[in-house]
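To keep things clear, I will list the structure first and then write my remarks on it.
Just so it is clear, none of the values below were taken in a lab; they were calculated from the coordinates. Only a predicted model underlies this, so the values are computations on that prediction, with no experimental measurement involved. Here Cβ is always computed from backbone atoms with ideal geometry, including for glycine, and neighbour counts include all displayed protein chains.
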Amino acid sequence: MELKSLHRDAIPGALAKAERYRLLHEPWQSESICQDVLRIDPENETALITLILALTDQFDHGMQPVDEAKNLIPRLREEYDRAYYSGIISERRAQCLLRQSRHGTAPIIYEWLHEAMSWYEKAEAIRPPQNDDAVLRWNTCARLLMRNPQLQAAPHEPAEPIMSE
C-alpha cells in the first residue's frame, strides 16, 4: 500500500493535530502525523521533537520506541536540543520502568535517571538565556530519587581473580 502525501501548506495544521493527539494520549496518531510531515520536510524541527515525544509516550510498549527516539536525536539542529531531548528519553524510560514496578529494576531505573540528569546538566551548560527547562527536569529526577530510596545503583562487585591450577 502506498501512503498519501500531505501538501506542504498543510504542515502547520498537521503539527497542531499531532500535538493534540499527544495530549489526548494517542501517541501513535501523533507519530503517524509526524512521519507524514517528515516525508515532505525531513528537517522540520517541530515534527522531529513532537515525534520524539510521541515515541516516549509509548515506552510502556518495550524498547523499540526508545531506540527509535534515540535515533532521531542526531537530526536535531541545536546541541542544546540534542542534550535536552536525550535527557527526556532517559527520564521517561526510567519513569516507565518505575510505573511497571518489576522486581530487580531499581538499579536500572537509577541508571536511567542518572543518565537523564547528566544530559540535563549538559543542556543546562549551553541553554539559551532564560531557559531553565533542563534545570526543572534535573530537579524532577532528583526528587524522584529522593522520594524513592529503593532506587540505588547496582552494588559494585569486585572481579575475583581467576585461579589457575
Problem - Candidates GLU115, GLU78, filtered to the one that is closer than 20 Å to CYS34 by Cβ, free of Cβ contacts under 8 Å to residues at least 40 places away in the same chain and among the acidic types (Asp, Glu) - result: GLU78
Problem - Selection count where residues are surrounded by 17 or more Cβ atoms within 10 Å (Cβ to Cβ) and either among the aliphatic types (A, V, I, L, M) or over 15 Å from SER86 (Cα atoms) (or both), scope segment 116-144 - result: 5
Exercise for the section: Answer yes if at least one residue in segment 122-138 is more than 25 Å from VAL37 (Cβ to Cβ), of a type in the set (A, V, I, L, M) and outside any helix (DSSP H, G or I), and no otherwise. Expected result: yes
Exercise for the section: Would you tally the residues in segment 55-78 being out of contact with any helix residue (DSSP H, G or I) (no Cβ under 8 Å at 6 or more places or on another chain) and among the aromatic types (Phe, Trp, Tyr)? Expected result: 0
Problem - Residues being without any contact (Cβ under 8 Å) to a residue 40 or more places away in the chain and either in contact with a strand residue (DSSP E or B) (Cβ under 6 Å, 6 or more places away or on another chain) or not in a helix (DSSP H, G or I) (or both) - total across segment 139-154 - result: 1
Practice task
Out of ASP133, ASP67, ASP60, report the one residue that is within 23 Å of GLN29 (Cα to Cα), charged (D, E, K, R), touching a residue at least 40 places away in the same chain (Cβ under 8 Å) and out of contact with any strand residue (DSSP E or B) (no Cβ under 7 Å at 6 or more places or on another chain).
Solution key: ASP60
